[in-house]
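Here the structure is laid out as structure tokens; the discussion comes afterwards.
The values are calculated or read from the model by the stated rules, or taken from the named source; none is laboratory data. Keep in mind that what you see is a predicted model, and the values were worked out from it rather than measured. Neighbour counts run over all protein chains shown; Cβ positions are idealised from the backbone, glycine included.
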Number of protein chains: 2
Amino acid sequence: MARIALDASGGDFAPAQPVAGALEAVQNLPANCEIVLVGSRSEIEAELAKHGRQPDRISIVDAPEKIGMDEKPLAAVRSKRKSSIVTGLQLHRQGEVDAFISAGNTGAVMAASTLLLGLHDGVERPAIGTVLPSMKEEILLLDAGANVDCSPRELMGFAQLGAVYVRDVFERPDPVVGLLNIGEESEKGNAAAKEAYALLKTTTHFTFAGNIEGSDILVGRCDVVVCDGFVGNIVLKLIESVARTFDGMFRTALDASIVDSEAMKEVFHFLDYSSYGGAPLLGVQGVTIICHGRSSSRAIASALRVALRAVNVHLSDHIHDEFVEDGAVA
Amino acid sequence: MARIALDASGGDFAPAQPVAGALEAVQNLPANCEIVLVGSRSEIEAELAKHGRQPDRISIVDAPEKIGMDEKPLAAVRSKRKSSIVTGLQLHRQGEVDAFISAGNTGAVMAASTLLLGLHDGVERPAIGTVLPSMKEEILLLDAGANVDCSPRELMGFAQLGAVYVRDVFERPDPVVGLLNIGEESEKGNAAAKEAYALLKTTTHFTFAGNIEGSDILVGRCDVVVCDGFVGNIVLKLIESVARTFDGMFRTALDASIVDSEAMKEVFHFLDYSSYGGAPLLGVQGVTIICHGRSSSRAIASALRVALRAVNVHLSDHIHDEFVEDGAVA
């Protein structure tokens, strides 16, 4: 039995999109999976009523308070104990649910996850992993914005977290990890990257591909791309903007019949983050998935599938094992 | 009279593409402009012979040594005094030419430019400015890789250099400068970005737009995007790879007739760096333009036009004035 808590009050389109996403997902999830909608009970019930049904495997936990998208994370988490974010993560901490998903205030989800779930021993900082498209398969880039000014050891930790995630969730037994840098040679890069390279090349836990460059990301040279959260966030947002930019240009340059063709939609689907199912917050003792604030019901449903997979394959246990066993950075 | 020195031995396709680029450019340059090809005289003459002509306004300065693309920059510059890079920049230093262009070893061009031309008073570090496409007009991002681990004052300096360049070369009298960051608020970002924000907001020399995010680059919110060279180089290479990635996807998804249509070519032209004319090395006393190692003759011709414009508008003098007058960072 797996139970996934979903923040029904989080995101720009709550509660409509989270509730619709839960309804979309529950049809295709295995029978032993339940979704717990966390948020204002009356709002959730009103939303479910619009759809005319409340399926068996969706329950509600009332959390009347809301943390706004622009609130200061730590202060909000401390003062709003009845918010959907704090309530959902308390359920996770108490073992009532196995995972928590939110499209709400990212900083608050991170802060509450770290405070309530705690970090695995040996993990210095949690990282946001973001799934990106590539010419080969989807890849994981981390950190995507949880940490700026990272130490070499933290970058090494991100590589470990990413490798376990890719092994478990993407089902790739031998993940290849690259360090995002400005040249292939070991002496390239800023101070943190140079030292991280030296740490990474000693690992025996995954294949280290060495430094990779900005041009290698979309090519799919690596399963895991490691960088600090400053670089990662800029890269992520730049890639997200590419689809919008191209769409605008194509609409100007080409006939609408071509732009709206099925073939073209496939291309744009490649860059549509909603199909990639949210960003795992890695390093916490549990499963937290952070969705884009503008997530559609489809994106939420996708995140629910990813969370279920992470629970079923025991991602959190494997991260624990990785850091306990690890001698490379001890 | 303007004289531009062009490195005929630099780049992956030298001397063929530089020589062809000079021939392409000279037809359209004003009568008072000369191109000086710097490199192995015999190789240049052989290459010109293939084209069956040596126009009046192209001359040759013999520089028999070559600096390889992978040589250590400083050591190469110090030991190879008769290389095309050192020779060309010595001509510039002596006032024999007004600008130098090379598609050769970027590090060597930077090192030789800094050593031979010197920096303008007040400039802490030279920066590579790279011209990027945007939905509005072309924009300048700097630093694109000359400096990693930049101080807030250096970032401030890049903003000044970029603003002068955009005013002079893009002919935009009131350039808008944005600081590349991971959020719009002033307290966002890594330590250097936060302090740079505080410096930038005091300036009266250009319009500071505040922090911009990765998603704002291609939108064209700013004329100048400021970041350290680690971030800038990754962004630059990622954007360069987007055209290749999309081209591959379109060829798989769409009919060849559409992919090769004129309308589609226009879209890809948008992302074709060769039309943007090389990257200025800003902060040195003179005009140095660095071209991509894989530059085509068209890219070289484009760089020659940009160099001529920079000379004619007295870019270097204006950079001098900017830093002498400047009280903001004094």
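Taking the criterion of being buried (at least 24 other Cβ atoms within 10 Å of the Cβ), away from chain B (no Cβ under 14 Å) and modelled with pLDDT of 95 or more, would at least one residue in region A:131-140 satisfy it? Within region A:131-140, one or more residues are buried (at least 24 other Cβ atoms within 10 Å of the Cβ), away from chain B (no Cβ under 14 Å) and modelled with pLDDT of 95 or more. Can you work out which of the residues in region B:181-215 that are assigned to a helix (DSSP H, G or I) and crowded, with 23+ Cβ neighbours inside 10 Å is farthest from the other protein chains (Cβ to nearest Cβ)? The extreme case among them is B:LEU200.
Does A:ARG53 satisfy the condition of being modelled with pLDDT under 95 and in the same structural domain as A:ALA310 (by TED's automatic domain parsing)? Yes: the conditions hold for A:ARG53. For A:ARG221, the conditions (1) within 14 Å of chain B (Cβ to nearest Cβ); (2) more than 18 Å from A:ALA144 (Cα to Cα); (3) touching a helix residue (DSSP H, G or I) at 6+ places or on another chain (Cβ under 9 Å) all hold with the exception of (3). Only one of the numbered conditions (1) modelled with pLDDT of 95 or more; (2) buried (at least 22 other Cβ atoms within 10 Å of the Cβ) is not met by B:ASP62, and that is (2). Look at A:MET135 and say whether it is farther than 30 Å from A:ASP321 by Cα, in the same structural domain as A:ASN190 (by TED's automatic domain parsing) and in contact with a helix residue (DSSP H, G or I) (Cβ under 7 Å, 6 or more places away or on another chain). Yes. Among residues belonging to region A:67-100 that are under 22 Å from A:ARG305 (Cα atoms) and hydroxyl-bearing (Ser, Thr, Tyr), point out the one that is surrounded by the most Cβ atoms within 10 Å (Cβ to Cβ). My answer is A:SER84.
For A:VAL225, the conditions (1) under 17 Å from the mean Cα position of the chain (by Cα); (2) under 22 Å from B:GLY248 (Cβ atoms); (3) assigned to a helix (DSSP H, G or I) are fulfilled apart from (3). Of the residues making up region A:167-180, those that are of a type outside the set (Phe, Trp, Tyr), without any contact (Cβ under 8 Å) to a residue 60 or more places away in the chain and either away from chain B (no Cβ under 14 Å) or part of a helix (DSSP H, G or I) (or both) are A:GLU171, A:ARG172, A:PRO173, A:ASP174, A:PRO175, A:VAL176, A:VAL177. For the condition assigned to a strand (DSSP E or B), surrounded by fewer than 20 Cβ atoms within 10 Å (Cβ to Cβ) and in contact (Cβ under 8 Å) with a residue 40 or more places away in the chain, A:VAL36 does not qualify. The single condition among (1) surrounded by fewer than 22 Cβ atoms within 10 Å (Cβ to Cβ); (2) more than 15 Å from the chain's Cα centre (by Cα) that B:GLY178 does not satisfy is (1). Applying the condition of being of a type in the set (Gly, Ala, Ser) and in contact with a helix residue (DSSP H, G or I) (Cβ under 6 Å, 6 or more places away or on another chain) to region A:86-103 and asking which residue is nearest to A:VAL242 (Cα to Cα) yields A:SER102. Out of curiosity, is B:GLN27 without any contact (Cβ under 8 Å) to a residue 60 or more places away in the chain and surrounded by 18 or more Cβ atoms within 10 Å (Cβ to Cβ)? No: the conditions fail for B:GLN27. Please find, within region B:141-153, the residue that is nearest to B:VAL235 (Cα to Cα) out of those that are over 17 Å from the mean Cα position of the chain (by Cα) and more than 13 Å from chain A (Cβ to nearest Cβ). Looking at the filtered set, the residue picked out is B:PRO152.
Scanning region A:248-267 for residues being in contact with a Leu (Cβ under 9 Å, 6 or more places away or on another chain) and not small (Gly, Ala, Ser) gives a total of 3.
Restricting attention to region B:111-120, the residues being buried (at least 24 other Cβ atoms within 10 Å of the Cβ) and of a type outside the set (Ser, Thr, Tyr) number 1. The set of residues in region B:306-324 being of a type outside the set (D, E, K, R) and more than 16 Å from the chain's Cα centre (by Cα) consists of B:ASN312, B:VAL313, B:HIS314, B:HIS318, B:HIS320, B:PHE323, B:VAL324.
Kindly provide the set of residues from region A:217-229 that are among the charged types (D, E, K, R) and crowded, with 22+ Cβ neighbours inside 10 Å, ordered by number. A:ASP223, A:ASP228, listed by residue number. Residue count for region B:1-33 under the criterion of being in a helix (DSSP H, G or I) and among the β-branched types (Val, Ile, Thr): the result is 2. Please work out if A:SER9 is surrounded by fewer than 19 Cβ atoms within 10 Å (Cβ to Cβ) and hydroxyl-bearing (Ser, Thr, Tyr). No, not satisfied. Taking each residue of region A:4-18 that is at positive phi and in the same structural domain as A:ARG57 (by TED's automatic domain parsing) and looking for partners that are in a helix (DSSP H, G or I) and crowded, with 24+ Cβ neighbours inside 10 Å with beta-carbon atoms closer than 8 Å, six or more apart or interchain, yields A:GLY11/A:GLN17; A:GLY11/A:PRO18.
Among the residues of region B:233-258 satisfying the criterion of being facing chain A (nearest Cβ under 7 Å) and among the hydroxyl-bearing types (Ser, Thr, Tyr), which is surrounded by the most Cβ atoms within 10 Å (Cβ to Cβ)? This residue is B:THR245. If you go through region A:32-61 and keep only what is of a type in the set (Gly, Ala, Ser) and under 16 Å from A:ASP98 (Cβ atoms), you end up with just A:SER59.
Highlighted here are the helices (runs of 4 or more DSSP H) found entirely within region B:240-320 that include at least 1 residues which are of a type in the set (Ser, Thr, Tyr) and touching a residue at least 40 places away in the same chain (Cβ under 8 Å): B:297-312.
Taking the criterion of being among the aromatic types (Phe, Trp, Tyr), more than 15 Å from the chain's Cα centre (by Cα), over 21 Å from A:ALA192 (Cβ atoms) and more than 7 Å from chain B (Cβ to nearest Cβ), would at least one residue in region A:266-286 satisfy it? Taking every residue of region A:266-286 in turn, at least one turns out to be among the aromatic types (Phe, Trp, Tyr), more than 15 Å from the chain's Cα centre (by Cα), over 21 Å from A:ALA192 (Cβ atoms) and more than 7 Å from chain B (Cβ to nearest Cβ).
Quick grid of which residues meet (1) farther than 22 Å from A:ASP70 by Cα; (2) in contact with a His (Cβ under 8 Å, 6 or more places away or on another chain):
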| position | (1), (2) |
| --- | --- |
| A:VAL224 | yes, no |
| A:ALA253 | yes, no |
| A:GLU262 | yes, no |
| A:PHE270 | yes, no |
| A:LEU282 | yes, no |
| A:ILE290 | no, no |
| A:SER296 | no, no |
| A:ALA299 | no, yes |
